[in-house]
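Read the structure below first, then the notes.
The values are calculated or read from the model by the stated rules, or taken from the named source; none is laboratory data. Since we're looking at a predicted model, the values are computed, not measured. Counting neighbours? That spans all protein chains shown, and the Cβs are built from the backbone with ideal geometry, glycine included.
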Amino acid sequence: MKDYLKRDEWQIIEEGFHPEHNRITESIFSLGNGRMGQRANFEEEYSGDTHLGSYIAGVYYPDKTRVGWWKNGYPEYFAKVLNAPSWIGIHIYIDDEPLDLAQCKVEKFVRLLNMKEGFLQRSCMITMHDGRQLTIHSKRFCSLSDAEVGAIRYAITPINFSGDIEVMFPVDVDVKNRDANYDEKFWEEITRKITPGHVIITAETRKTFFHVCTAIAWSVYQDGTALTLKPETVQRKKWAAHKITFSVEQGKETVIYKYATVLSSLNYPKDQLIQFAEVKVDGIKKMGFELLLKNHSQVWTNKWLESDITIEGDVAAQQGIRFNIFQLHQTYTGDDERFNIGPKGFTGEKYGGSTYWDTEAYCLPFYLGTAEQRVPRNLLMYRYKHLQKAIENAEKLGFKNGAALYPMVTMNGEECHNEWEITFEEIHRNGAIAYAIYDYVRYTGDKDYLLEYGLDVLIAISRFWAQRVNYSEDKKKYVILGVTGPNEYENNVNNNWYTNYLAKWTLTYTLESLHYMKDQDEKRFAHLVNQLHFKKEEEQHWNDIIANLYFPEDEKRNVFLQQDGFLDKELITVSQLSPGNRPINQKWSWDRILRSCFIKQADVLQGLYFFEEHFDEATHKRNFDFYEPMTVHESSLSPCVHVILASKLGYREKAYELYLRTSRLDIDDYNNDTEDGCHITSMAGTWMAIVKGFGGMRVKDDTLHFNPFIPAQWDSYSFKVEFRRRVIKVRIAKGKIEATLQSGEPLTIVVAGKQKKLQPSELLSEVL
Ligand code: BGC
């Protein structure tokens, strides 16, 4: 755990330069706008430890899979979000000495992420080798009001000298991925256009042939007046820059602006990219930095109005939740059905920017609660559109009759993971995709979605489960063999309780939904069963599986067992491990991890969280008490689920401890891996930890329920939820809950077990 960043309600602050943590800071202070983003790299050249990273949603490369022993069924490639052309460079030279924070003496340094208005800021005072001193103040953002735009304000003031400064404004397409399988570079330059006003380069990705056009323009001001400067052009392979020289006077500030636009062939015809980029970059330069920033900040103001969570009395907790919400908005805006939510967003390369089950199991509730219905619906449509590919994925593995296996890792619907036993055998992801349909319909009441799109997906997934089980003569039960559950610290196990439960539930829900369709619209039902060749015998087979699927249980302790044989392990608790052993995934051999009882992330407990209402409280308690002490939470997706269960069970201190862990996972670098990027998908879990955990929010029978408590450390907390065309604000203080209907029709809610009517502009206040 690290503790070098200052606590503040609206900002993340690095005071004093910490080059030893630079990669971590670069991840945490990343910027994004749903379409593009970048790590918090410096504008100047930096020869110290850094991971340069800029990314563009949907622009990827299928890197050929690299393995020792090829197995049938292996995906051909592992998709990678591409480290994309960089527009942020402002390279400074004084008497040919580059301004490089790794080489100069950094006297003062503050790096700051302003979450309220959405920009990255840095102030430093520097002494160069020859004793010249200067200050720099930079501010940068990726615009949320125009997702193709980024801008930088960069001010320099010489402290003890006057003289010439040379500045370069590069566009750099000579970038590479750290995670390239064969150390290749993935970009080829197509064309460049350099005029006195701009530098523009179009580059193409290998294999996928995306075109990305990056155009920059700049201006320089002294005493509020723009300098008229004639740039020289510096050109290298896959790199071009304008170079200017101007005089600076001791004590006087020079302000440099750099404007950029990034356009891609996802949205423009390839042959017109340059024209569009040129017009666009001229337009934004004319608008100027302050207006661009104002428009961008206005979008943030609106986003915070809709989705802020306030916490009084606990700055660390407040900073944590705001950071999580901030990064989620930077990653996904829901405007484009083609995009999804990579586990690292625009903050790093790990997980290749691909879509995982994280979206359905963790992110969907955040968007259900904070965005218009079209946003979570878009997330479901993404999978609906990949259904045919999921059927093909299953066919490649020998499944038939329209059975679908959704990929564990995907960019375009094809499976593209790079680990066999761990990732590939996590077939539970198929269940999460079915569960998301249920979760969406339960929350929104949009049953049309179920009839129009959802059922096709459910039937295909159910067909997969029905073929994936086999009948064990020994057990006289159906079993599911050779899987990996959510707990990736066990591979290739039999009868993972969670997976089996999801399989049974999916079959049941699909049949219920089919019957619902039959009741609603007989003709439509007939058409669907006819089109999908769904026969009575298939339904009978599913019912037989539902009635006879095997679940491992421990009768003595009366708990569900994570998988067959779990009790053969030496059952010890995490508290018995000395701190030097953790995180075990960095300290232990894989062999030792696999045979230990330690659990990476919620597994049986994930099932209890999904299907809470299927089990009584005593069952929740027994299983939580058994599994929580063995859980190391080395997946970011784990603590949030435990917060929700701990809150329900009244384990308030545990819930609070795990809340801090999930919300400050990256800020405090709990798992020692933030340098790879932030854990974006688990950030939605942090939102759930407050709203579903502490706030006890549930939807039952079309009604919102709240069963809240307040952590002892807090004075109050509040959040807003969108629910069926209404916005409800909920505030919980010591001993009371307040709710107001901020927009929409009156609504009945259930607060701590009592039904209450919410009327517009009336404050509902209840003693807890
Ligand atoms: C987790 C998976 C998750 C993946 C991407 C892994 O560490 O174990 O459940 O899908 O990260 O976030």
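Got a sec? Which of 662, 631 is within 15 Å of the ligand (Cβ to nearest atom) and at pLDDT below 95? Steps first, please.
Working: 631 fails: at pLDDT below 95.
Going through 662, 631 in turn, just one is within 15 Å of the ligand (Cβ to nearest atom) and at pLDDT below 95: 662.
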- Restricting the search to segment 635-659, which residues are touching a residue at least 60 places away in the same chain (Cβ under 8 Å) and either surrounded by fewer than 24 Cβ atoms within 10 Å (Cβ to Cβ) or away from the ligand (no atom under 14 Å from the Cβ) (or both)? 635, 647, 652, 659
- Task: Any residue in segment 582-602 that's touching a residue at least 24 places away in the same chain (Cβ under 8 Å) and more than 17 Å from residue 627 (Cβ to Cβ): show its pairings with residues that are more than 16 Å from the ligand (Cβ to nearest atom) and part of a helix (DSSP H, G or I) at Cβ separation under 9 Å, as long as the two are six or more apart or on different chains.
- Result: 582/574
- Item | Qualifying residue in segment 559-570 (condition: under 30 Å from residue 1 (Cα atoms), more than 16 Å from the ligand (Cβ to nearest atom), surrounded by fewer than 16 Cβ atoms within 10 Å (Cβ to Cβ) and without any contact (Cβ under 8 Å) to a residue 40 or more places away in the chain) | yes
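Quick one: count up the residues across segment 130-144 that are at pLDDT 95 or above and surrounded by fewer than 16 Cβ atoms within 10 Å (Cβ to Cβ).
Step one: of segment 130-144, the residues at pLDDT 95 or above are 131-144.
Checking which are surrounded by fewer than 16 Cβ atoms within 10 Å (Cβ to Cβ) leaves us with 131.
Adding up the residues that qualify gives 1.
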- Message: Please go through segment 5-45 and give me each residue that is closer than 18 Å to residue 109 by Cβ, in contact with a Phe, Trp or Tyr (Cβ under 8 Å, 6 or more places away or on another chain) and part of a strand (DSSP E or B), ordered by number.
- Response: 12, 14, 15
- Message: Among the numbered criteria (1) surrounded by fewer than 18 Cβ atoms within 10 Å (Cβ to Cβ); (2) more than 23 Å from residue 81 (Cα to Cα); (3) in contact (Cβ under 8 Å) with a residue 12 or more places away in the chain, which one does residue 395 miss?
- Response: (3)
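Are any residues in segment 365-378 in a helix (DSSP H, G or I) and either surrounded by fewer than 24 Cβ atoms within 10 Å (Cβ to Cβ) or in contact with a Lys or Arg (Cβ under 8 Å, 6 or more places away or on another chain) (or both), and if so, which ones?
At the first step, the residues of segment 365-378 found to be in a helix (DSSP H, G or I) are 365-370, 374-378.
If the condition is that a residue be in a helix (DSSP H, G or I) and either surrounded by fewer than 24 Cβ atoms within 10 Å (Cβ to Cβ) or in contact with a Lys or Arg (Cβ under 8 Å, 6 or more places away or on another chain) (or both), then 365, 368, 369, 370, 374, 375, 377, 378 are the ones that fit.
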- Output for segment 571-586, where each listed residue is part of a loop (DSSP other than H, G, I, E, B) and within 16 Å of the ligand (Cβ to nearest atom): 582, 583
- Task: Could you list, in sequence order, all residues of segment 474-486 that are more than 16 Å from the ligand (Cβ to nearest atom) and either crowded, with 24+ Cβ neighbours inside 10 Å or among the hydrophobic types (A, V, I, L, M, F, W, C) (or both)?
- Result: 479, 480, 481
- Task: Please give the number of the condition residue 478 fails out of (1) in a loop (DSSP other than H, G, I, E, B); (2) of a type outside the set (Lys, Arg); (3) touching a Phe, Trp or Tyr at 6+ places or on another chain (Cβ under 6 Å).
- Result: (1)
- Is one or more of the residues making up segment 195-212 of a type in the set (Val, Ile, Thr) and in contact with a Leu (Cβ under 7 Å, 6 or more places away or on another chain)? yes
- Quickly run through segment 398-434 and pick out the residues that are part of a helix (DSSP H, G or I), away from the ligand (no atom under 14 Å from the Cβ) and out of contact with any Leu (no Cβ under 9 Å at 6 or more places or on another chain). 420
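Checking the conditions here, which among 333, 347 is within 16 Å of the ligand (Cβ to nearest atom) and either outside any helix (DSSP H, G or I) or at pLDDT below 95 (or both)? Write out each step before concluding.
Working: 333 fails: within 16 Å of the ligand (Cβ to nearest atom).
Only one candidate passes the filter, namely 347.
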- Query: So which of 449, 440, 489, 471 is more than 16 Å from the ligand (Cβ to nearest atom) and outside any helix (DSSP H, G or I)?
  - Reply: 471
- Query: Would you call residue 23 modelled with pLDDT of 95 or more, in contact with a helix residue (DSSP H, G or I) (Cβ under 7 Å, 6 or more places away or on another chain), buried (at least 18 other Cβ atoms within 10 Å of the Cβ) and among the basic types (Lys, Arg)?
  - Reply: yes
- Got a sec? Which strands (runs of 3 or more DSSP E) wholly within segment 665-768 have at least 2 residues that are closer than 30 Å to residue 33 by Cα? 716-722, 727-733, 736-743
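Using the structure shown, decide if residue 750 is touching a residue at least 40 places away in the same chain (Cβ under 8 Å) and over 30 Å from residue 115 (Cα atoms).
So residue 750 passes the test.
Do you know which residues across segment 61-86 are of a type in the set (A, V, I, L, M, F, W, C) and free of Cβ contacts under 8 Å to residues at least 40 places away in the same chain?
If we filter segment 61-86 for residues that are of a type in the set (A, V, I, L, M, F, W, C), which is where we start, we get 67, 69-70, 78-79, 81-82, 84.
Passing the criteria: 69, 70.
For segment 131-155, how many residues are within 11 Å of residue 118 (Cα to Cα), in contact with a Leu (Cβ under 9 Å, 6 or more places away or on another chain) and not in a strand (DSSP E or B)?
The qualifying residues number 1.
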